[in-house]
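The values are calculated or read from the model by the stated rules, or taken from the named source; none is laboratory data. Remember, predicted model here, so these are calculated numbers, not experimental data. Neighbour counts are summed over all protein chains in view; Cβ atoms, including those assigned to glycine, are modelled from backbone coordinates with ideal geometry. These area figures cover heavy atoms from the full protein model, side chains too; ligands, DNA and RNA do not enter into them. Shrake-Rupley method; radii C 1.70, N 1.55, O 1.52, S 1.80 Å.
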Amino acid sequence: MLQILRMAFRDLGRNRRRSFFSALAVAIGLALLMLLSSVIQGEMGSALESAIQLQSGHIQIQAASYDENKSSLKWEDLVENPDRVASQIAALDQVKAATPRLFSSGFLSTGDESSGVRIYGIDPQSAANDPYRDGIISGSFLTADDREGLLIGQPAALKLHLQAGDKVSLSVNTSNGDVLEQTFIIRGIYTTNTYGFDGSTVFLPLAKAQAITQTENHASTIFILLKDTSLTASVANSIKAPAGLQVKTWEEMNSLITEFETTANSYIGFFYLIILAITVSVIINTLIMSVYERTREIGILAAIGMRGARIMGLFLSESVMLAIGGVLMGLVLGLFSVYLFNIRGFYIGNMGLNGMLISDTIRARLTVDKTISVTIMTFVATILSGLYPAWMASRMEPVEALRAEK
Amino acid sequence: MEVVKIENVARVYQIGKVETKALRGVNLSIENGEFTALVGPSGSGKTTLLQMIGCLDQPTTGKVFINNKDVTSLNRNQRADMRRGTIGFIFQFFALIPTLTAYENVEMPLLLNGHAPAERRERIMELLKAVDLTDRANNRPDQLSGGQQQRVAVARALASKPTLILADEPTANLDTTNGQQVMEIMKRLNKETGVTFIFATHDPRVINYASRVVTLQDGLIEKDTQTR
């Protein structure tokens, strides 16, 4: 066995440049698989993270009759005494923040332009609103007692040519079906780098939002962020929703993202196959050339009594060595390109996907599991690609092989 | 004792629509310890006959017996086993594995036969000494002259202590001095170890070393002469 391995190693060394480029083909294949999978994981992970941080939280408590898509403001569809419910939830160890939010819809208009917006009434002091606070790029964040200020996202500010300090008219639907219009001052302009969200969401202090929508002491939801996403199921189970309320988890509220991820993964599987097929054909080609070049040697080995299985083992050992070399190079290349993609990101702007909060910059994210699975996939494919050339070598008739030109 | 027995062996090659009769019914018996030359012009069937004896090819009709065992009925693996244990080969081209050193080339048959490392080392050094290449043990074929390479091939052929060594034009690619040196080594080893040598040649200087000369012509034995 040692002699076979020694021969295989030296055979690869005989044509170093060819062996190197074959291993490089394996390496590039693996690096591409790592990059592709990390980009998809990064994109999906970021969409989910954005959705949790900005929109759904880990858990929400809503009125049993509340329909998210309608943003109903009827009192029976809202949570009564939301501060009390939120403070009870916030007392749990696993909870990072629990805060009431009121959702409404309306129109933001300046002199001759207007834009449909979703209005978030928030408690400015809650840690759950840190992503908006941290995203202020102009002006300042809201305060709880601000009666005239609102926050507007950067894309909407650009569209309506607004700056911090400008006045703007906001028309809001109220709980009894009327529309109220009031002039607000742009207190600040924020960005979460999520075009879909920033372009259509304005923030008011909760008290002001309740006043303008006539939903006193009511909120659409209790928005809950946990210390860790993995705690969701256990916390959701431990929360006993008061009568007439329902507990919803991020999985239920973000089914679109998880479905999209499943679909994306099946498309990615197809790309994996293409990359692996190219890698495999390069290795098959190299090994077949090697078999033809060494036909006479195969004849000599057969003449001195080496059985076909051992000859096959010799060529398979070469593909194993190419696989090991290629995979090691590929891991270095792959990790480096994932790292670059991770720190620099890839700006995609507004993807225009409705219902999903896609960040404007893709950042690669690679898990250990995924790295192991694509590495094994590449390694096995490379070894399998050695099967046919090895079988070909093992089936050569010694007489024919010995007759071959050197 | 009869090492090789050939009974009415014919070998017909079909290339396209053309049928070539390389052997046309050869009968031959070789005794243990003989140093036999197969001679004849190109195309007379010398190499084909060696390939039949060496279990590298199978006759179209007839039977080949090696050490009284019918080898025409053996399958691929059994023929490989027969070659490994019983037959050593020396080819016209210096048939060494280019990536292995002289030592490792000689070692190959011993490895295939499962000899222990210490036993292998002793046998290899003994053989390299016999072909006067002890100082070249760690050289690869491309660092050896043609004559030295052929001597390594002789050592390798003898490694597993076969009962029969087949050499196909062993001196054809060597100059006179090296050719003589190889033949003398083969002859000496034949005498010292008693191993049977059959070699194909049409070099008259080589034929002189043979104790028996079998002349082939058009796939048939034309003459069979004991020279000493």
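Observations, loosely collected:
- Residue in the range B:120-131 that is assigned to a loop (DSSP other than H, G, I, E, B), more than 13 Å from chain A (Cβ to nearest Cβ), of a type outside the set (D, E) and open to solvent by less than 40 Å² (accessible area, probe 1.4 Å) present: yes
- Looking at B:V12, B:V71, B:V106, just one residue is under 25 Å from A:T295 (Cβ atoms), more than 9 Å from chain A (Cβ to nearest Cβ) and either open to solvent by 10 Å² or more (accessible area, probe 1.4 Å) or among the charged types (D, E, K, R) (or both), and that residue is B:V12.
- A:A236 falls short on exactly one of the conditions (1) within 17 Å of A:Q62 (Cβ to Cβ); (2) open to solvent by 20 Å² or more (accessible area, probe 1.4 Å); (3) touching a residue at least 60 places away in the same chain (Cβ under 8 Å), and that condition is (2).
- Checking every residue in the range A:314-326 against the condition of being within 14 Å of another protein chain (Cβ to nearest Cβ), open to solvent by less than 20 Å² (accessible area, probe 1.4 Å) and outside any helix (DSSP H, G or I) gives zero matches.
- Residue that is least open to solvent (accessible area, probe 1.4 Å), among those in the range A:65-80 that are out of contact with any Asp or Glu (no Cβ under 9 Å at 6 or more places or on another chain) and farther than 17 Å from A:L206 by Cα: A:E68
- Scanning the range A:313-340 for residues that are of a type in the set (V, I, T) and closer than 24 Å to A:Y388 by Cβ gives A:V320, A:I324, A:V327.
- Filtered by the rule that a residue be assigned to a loop (DSSP other than H, G, I, E, B), open to solvent by 40 Å² or more (accessible area, probe 1.4 Å) and more than 14 Å from every other protein chain (Cβ to nearest Cβ), the range A:360-406 gives A:R363, A:R365, A:L366, A:T367.
- Residue within the range A:293-309 that is within 14 Å of chain B (Cβ to nearest Cβ), in a helix (DSSP H, G or I), farther than 14 Å from B:I97 by Cα and open to solvent by less than 10 Å² (accessible area, probe 1.4 Å) present: no
- Looking only at the range A:1-27, residues that are facing chain B (nearest Cβ under 10 Å) and either within 15 Å of A:S319 (Cβ to Cβ) or assigned to a helix (DSSP H, G or I) (or both) come to 12 in all.
The rows are residues; the columns are (1) over 28 Å from the mean Cα position of the chain (by Cα); (2) of a type in the set (A, V, I, L, M, F, W, C); (3) assigned to a strand (DSSP E or B).
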{"residue": "A:L32", "(1), (2), (3)": "no, yes, no"}
{"residue": "A:G42", "(1), (2), (3)": "no, no, no"}
{"residue": "A:L48", "(1), (2), (3)": "no, yes, no"}
{"residue": "A:S65", "(1), (2), (3)": "yes, no, no"}
{"residue": "A:S87", "(1), (2), (3)": "yes, no, no"}
{"residue": "A:F103", "(1), (2), (3)": "no, yes, yes"}
{"residue": "A:F107", "(1), (2), (3)": "yes, yes, yes"}
{"residue": "A:G111", "(1), (2), (3)": "yes, no, no"}
{"residue": "A:S115", "(1), (2), (3)": "yes, no, yes"}
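- Taking the listed residues B:D135, B:D142, the one that is assigned to a helix (DSSP H, G or I) and within 14 Å of another protein chain (Cβ to nearest Cβ) is B:D142, with no other qualifying.
- Filter result (part of a strand (DSSP E or B) and open to solvent by less than 30 Å² (accessible area, probe 1.4 Å)) within the range A:171-209: A:S171, A:V172, A:F184, A:I186, A:G188, A:I189, A:Y190, A:T201, A:V202, A:F203, A:L204, A:P205
- Residue among B:R79, B:R83 that is within 9 Å of another protein chain (Cβ to nearest Cβ), in contact with a helix residue (DSSP H, G or I) (Cβ under 9 Å, 6 or more places away or on another chain) and open to solvent by 20 Å² or more (accessible area, probe 1.4 Å): B:R79
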